[in-house]
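Any read-out appearing in this document is the output of simple, stated calculations on the displayed coordinates, not a laboratory observation. What you see is a predicted model; the values in this text were computed from it and never measured. Counting neighbours? That spans all protein chains shown, and the Cβs are built from the backbone with ideal geometry, glycine included.
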Amino acid sequence: MNKITRQFINLILEEDEKEDKPESEHEKRQRKAKEREEASSGNIPVYKVQTDNSLARGRPITDSGLANMKYRSNGEPADAKAMLDELGISKPSGSDALSSLASLMDQASKGDMKALIQGADVVKSESGILGVKLKLSALWKQDDKGGKRSFGFIRAIIAAANKAGYLSSVKTTTMKNLRVEEASGENAFVIYSNKKAKSWGA
C-alpha cells in the first residue's frame, strides 16, 4: 500500500470515528432544546409589523409615581415582590422564557394595570425572532408624557419580576438585550431580545 492510499484510508477511518462518537450530555440537552424550540415555533403566529424604539431614547421623564416603581423594581427582591403583589401579579406560569413573560403581562391585564394592558401573546417576526405582543388600550399614548409613562410602567413590571425571581427561565443575556418597542401604527408593544434596536421588522 503506497503512502497516499494509507493517508486516505486513515482519513476515512478518522471520519468514521468522529461520526460514531456519542453525544455528551450537554450536547444532547442543547439538541433537544433546539428541537423543542423549532417544533413549538411552528405553531406561533407571525406578527408582521415595524417597531419603533423612540420611547427608549432621550432623557428619562420626571414622574414621582414611576420613579417609585423603578426604585422598588430595582431594589431588594422583597420590595420588587411587594410591588407586584400590589398589582395583583404572582409568579407567572410558562415552561419557557416567552411564555413566562406573556403570562406575567396577562396577569397585569387583569389587575390594577387593566386600564393600560389588554393581554399578551407569544408571536414571531417574519425572520423568525420570537417575542411577546403586548396589547394596550388606546389610552396608553394619551398620558402627558407622550406614552413614556406607559412605557416606563411596563419596563418596571418586567424589572420587578426579574428581581423577584419570577423570570428565572429567562437567560441573563436575553434579559440584558430585552427590548420593549412600539408596534408602529398599533396600540401594542413588542417585547423581544436582540442586540440591535428595531430588529423585529427588519
Going residue by residue through the range 66-72, the Karplus relation 6.51 cos²θ - 1.76 cosθ + 1.60 with θ = phi - 60° gives ³J(HN,Hα) values, rounded to whole Hz and with x marking Gly or Pro, of 5, 4, 5, 5, 5, 4, 6
When Lys135, Lys124 are ranked with the fewest other C-beta atoms within 10 Å first, the list becomes Lys135, Lys124
In order over the range 160-171: 3J(HN,Hα) from phi, Karplus 6.51/-1.76/1.60, θ = phi - 60°, whole Hz, x for each Gly or Pro, gives 5, 5, 5, 5, 6, x, 7, 10, 5, 7, 8, 5
The range 51-193: relative contact order from alpha carbon pairs under 8 Å, six or more residues apart, as a whole percent, is 30
Residue separation between Gln50 and Lys176 times 0.36 nm, minus their alpha-carbon distance, gives in nm 43.2 nm
So for the range 51-193, using the alpha carbon gyration tensor with a ≥ b ≥ c as root eigenvalues (a/c under 1.5 gives rounded; past that, a/b versus b/c decides prolate or oblate), I'd call it rounded
Here the FRET efficiency for Ala197 versus Ser169, based on Cβ atoms and R0 = 22 Å and rounded to 0.05, is 0.35
Quick note, the range 51-125: a/c under 1.5 would make it rounded; otherwise a/b > b/c is prolate and the rest oblate (a ≥ b ≥ c, C-alpha gyration tensor); here it is oblate
The answer for Ala188, listing residues at least 5 apart or on another chain whose modeled amide H is closer than 5 Å to its amide H, is Leu136, Ala183
